[in-house]
Each structure stands twice: as structure tokens, then as C-alpha cells.
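Below is one structure, written out as C-alpha cells; comments come after it.
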């Protein structure tokens, strides 16, 4: 073959193969980032349910710490930038799994004494891909953790509220 006619062939071949290789590379990185996000969200609900089972019911710090923030940081999560405490739903359940009507009420039968489980859920979290040309948002499934109640921030002997 004539060398003069083949000059641009290598550039075209590299452009085609390079585009495929870079797409696969970005895809592998995005799958890794997706797995990290799923595991982190699973840990958020587990951690939040654990904190809620041992901390006071009205303590706002529980949800902040669940998303890996400091107790004083009320912003978005430092690990998952699109996650805020507004995405989380904390519910207190009775022995049958029904939601307790007024968990802060210490005198009523449908209040504090009825709580047997603590549940934290995260719904409709959207994961955005960073692959150029494939900016498709993915809505992740619901993450939920249910744990048995423990102290709920009360000291067992005196009944006084202990901070988390």
C-alpha cells in the first residue's frame, strides 16, 4: 500500500477505539461510584436507626449524624453531596409494627411506652451519572432499617434524659 494514502488511517482507528475504551473506563468508574453510594446509603439508614434507638426522640442530632455530619452541621452530607436529612423518614413502631401516634407523649398508652421498634427509611434517592453523553438519573430503591428500641435517650434508673 501507498504510505501517503495511509497517513490518516491510524488517527481514525485510534479515535474509534479510544472512544470505546474511554467509555468503558468511565463506565467502570461509575459502577464503582454507584456501589459506593448504595453501600453508603445502606449504612446511613442502619446508623440512623441505631442512633434513634438509643438517643432521645426529640434530638435533631440523630439525623445529622446518620448522614455522616457533625452534630452542629445541618447541611448536606459530606460523603454523598445530594443527601440531606430531609430525605430521611424516622418512625417509631409499636409491637405490631404500626406507627406510634405520639412518641413524645410519656403519659399515654399510645406514646413513649408503646414504642418497640425504630425505623429509618430513605426513598427516591436519585443517582446522577457523570459519564459524558450518558447523564441519565437513576432512582435507587427504598433503603430501610428497623431495629428494636433500646433506651431512647432515657437513663434506666432515674428516667432522666441523656444527650447523644
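The values are calculated or read from the model by the stated rules, or taken from the named source; none is laboratory data. Quick caveat, the model's predicted, so the values are computed rather than measured. All Cβ positions, glycine included, derive from the backbone under ideal geometry; neighbour counts span all protein chains shown.
Please enumerate the residues belonging to region 78-106 that are within 18 Å of residue 142 (Cβ to Cβ) and without any contact (Cβ under 8 Å) to a residue 12 or more places away in the chain.
Across region 78-106, the qualifying residues are 86, 99.
Can you tell me which residues in region 123-136 are within 17 Å of residue 84 (Cβ to Cβ) and either part of a strand (DSSP E or B) or over 14 Å from the mean Cα position of the chain (by Cα) (or both)? Before you say what the answer is, go through the steps one by one.
Step one: of region 123-136, the residues within 17 Å of residue 84 (Cβ to Cβ) are 123-128.
Within region 123-136, 126, 127, 128 qualify.
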*asked:* Test of understanding: among 108, 75, which residue is modelled with pLDDT under 90, more than 28 Å from residue 35 (Cβ to Cβ) and surrounded by fewer than 16 Cβ atoms within 10 Å (Cβ to Cβ)?
replied: 108
*Given the residues 113, 149, 64, which is the only one that is without any contact (Cβ under 8 Å) to a residue 12 or more places away in the chain and surrounded by 13 or more Cβ atoms within 10 Å (Cβ to Cβ)?*
113
*Taking the residues in region 129-146 that are surrounded by 11 or more Cβ atoms within 10 Å (Cβ to Cβ) and in contact with a strand residue (DSSP E or B) (Cβ under 8 Å, 6 or more places away or on another chain) as candidates, determine which candidate is modelled with the lowest pLDDT.*
129
*Candidate set from region 141-151 (those that are part of a loop (DSSP other than H, G, I, E, B) and in contact with a helix residue (DSSP H, G or I) (Cβ under 7 Å, 6 or more places away or on another chain)); member that is farthest from residue 46 (Cα to Cα)*: 151
*Sort out which residues of region 93-113 are farther than 21 Å from residue 147 by Cβ and not in a loop (DSSP other than H, G, I, E, B), and write them in order of number.*
none
*Within region 53-62, which residues are in a helix (DSSP H, G or I) and in contact with a strand residue (DSSP E or B) (Cβ under 8 Å, 6 or more places away or on another chain)?*
53, 62
*Residue match in region 37-60 (condition: exposed (fewer than 15 other Cβ atoms within 10 Å of the Cβ) and modelled with pLDDT of 90 or more)*: yes
*When you go through 65, 50, 46 one by one, which is the residue that is over 12 Å from the mean Cα position of the chain (by Cα), assigned to a helix (DSSP H, G or I) and on the phi < 0 side of the Ramachandran plot?*
50
